[in-house]
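Below is one structure, written out as structure tokens; comments come after it.
The values are calculated or read from the model by the stated rules, or taken from the named source; none is laboratory data. None of these values were measured; they are calculated from a predicted model. In this analysis, Cβ positions are derived from the backbone assuming ideal geometry, glycine residues included, and neighbour counts consider all displayed protein chains. When the accessible area is computed, the model is the full protein with side chains, heavy atoms only, and any ligands, DNA or RNA have been set aside. Shrake-Rupley method; radii C 1.70, N 1.55, O 1.52, S 1.80 Å.
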Amino acid sequence: MVKVEPVIETSWKQALNDEFDKDYFGQLKLFLLEEKKKYRVFPPGQLIFNAFNHAPFDKVKVVLLGQDPYHGFGQAHGLCFSVPDGVQKPPSLVNIIKELNTDIGIPDPVHGNLTSWAGQGVLLLNATLTVRENQAGSHQNRGWETFTDAAISHLSQQRKGLVFILWGNYAIAKKALIDTSRHFILTAVHPSPLSAHRGFFGCRHFSQANDLLRQQGVEEIDWRLL
């Protein structure tokens, strides 16, 4: 089995330490090594754990779940729904920004980089942390979901009062991992253009999340894209 020494923020490394030594993670590492010999894999290796690195375990306030990274060149940087500065906003992100405007009046930003959210304790977590170029879902069912499910479970068990935002059936299925007596869950259809008009627009999850944080005496999220 391959010994893995991931570059991941210290508190998360401690929380997930057992996962890195399990057989599935060794097999996942081998799979990624082989993939990188044949294909471009996104995001770049140093950004795979970006969501964890920006939102330490004990600082998480909100968890926003995605499915897998954007698969176009230069789009993925380890934060779900986010793209780096200078990269065109994908359709789902365009709709998220529309809802931001409707919900709390935030104007359309020039970029789609959500790093400022992550730095305030929004864990922007994809269930699958890597993808093959131009092949959506190509790294699903290889072990990443086991790893990210463990991250969600640790948050559910060890933290209290988090707001989980679940968009679309895939994310909503993760409710099974979350203790609803300890945490809050907001659900809606996916912001994709295929479904956004069926209940994503008007969900007001950004203001609702802040209401739930404020009720607990926790500092709200500044949702502006600075």
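Could you grab me the full set of residues in segment 183-204 that are part of a loop (DSSP other than H, G, I, E, B), under 17 Å from the mean Cα position of the chain (by Cα) and of a type outside the set (S, T, Y)? Selection gives V189, H190, P191. When segment 67-84 is filtered for residues that are touching a Ser or Thr at 6+ places or on another chain (Cβ under 9 Å) and open to solvent by 50 Å² or more (accessible area, probe 1.4 Å), the ones remaining, listed by number, are Q67, H71. Among the residues here, G217 does not qualify as among the small types (G, A, S), part of a loop (DSSP other than H, G, I, E, B) and touching an Asp or Glu at 6+ places or on another chain (Cβ under 9 Å).
Failed condition for G112, given (1) touching a helix residue (DSSP H, G or I) at 6+ places or on another chain (Cβ under 8 Å); (2) loosely packed, with under 15 Cβ neighbours inside 10 Å, with all others met? For G112, the failing item is (2).
From the set of residues in segment 211-226 that are out of contact with any Pro (no Cβ under 9 Å at 6 or more places or on another chain), charged (D, E, K, R) and under 27 Å from D85 (Cα atoms), which is least open to solvent (accessible area, probe 1.4 Å)?
This residue is D222.
Among all positions in segment 215-226, there is at least one residue which is closer than 24 Å to L129 by Cα, at pLDDT below 95 and not basic (K, R).
For (1) open to solvent by 40 Å² or more (accessible area, probe 1.4 Å); (2) under 20 Å from L100 (Cα atoms); (3) not hydroxyl-bearing (S, T, Y), each residue gets a yes or a no:
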| site | (1), (2), (3) |
| --- | --- |
| V122 | no, yes, yes |
| S153 | no, no, no |
| G168 | no, yes, yes |
| R182 | yes, no, yes |
| T187 | yes, yes, no |
| P193 | yes, yes, yes |
| G202 | yes, yes, yes |
| A209 | no, yes, yes |
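Mind listing just one residue for me: the one in segment 34-60 that is more than 17 Å from the chain's Cα centre (by Cα) and open to solvent by less than 80 Å² (accessible area, probe 1.4 Å) and, of those, nearest to P84 (Cα to Cα)? Filtering segment 34-60 for residues that are more than 17 Å from the chain's Cα centre (by Cα) and open to solvent by less than 80 Å² (accessible area, probe 1.4 Å), the one nearest to P84 (Cα to Cα) comes out as V41. When V110, V83 are checked against the criterion of being touching a Gly at 6+ places or on another chain (Cβ under 6 Å) and over 24 Å from R198 (Cβ atoms), a single residue qualifies: V83.
A residue that is in a loop (DSSP other than H, G, I, E, B), at pLDDT 95 or above, in contact with a strand residue (DSSP E or B) (Cβ under 7 Å, 6 or more places away or on another chain) and more than 18 Å from E145 (Cβ to Cβ) occurs nowhere in segment 83-94.
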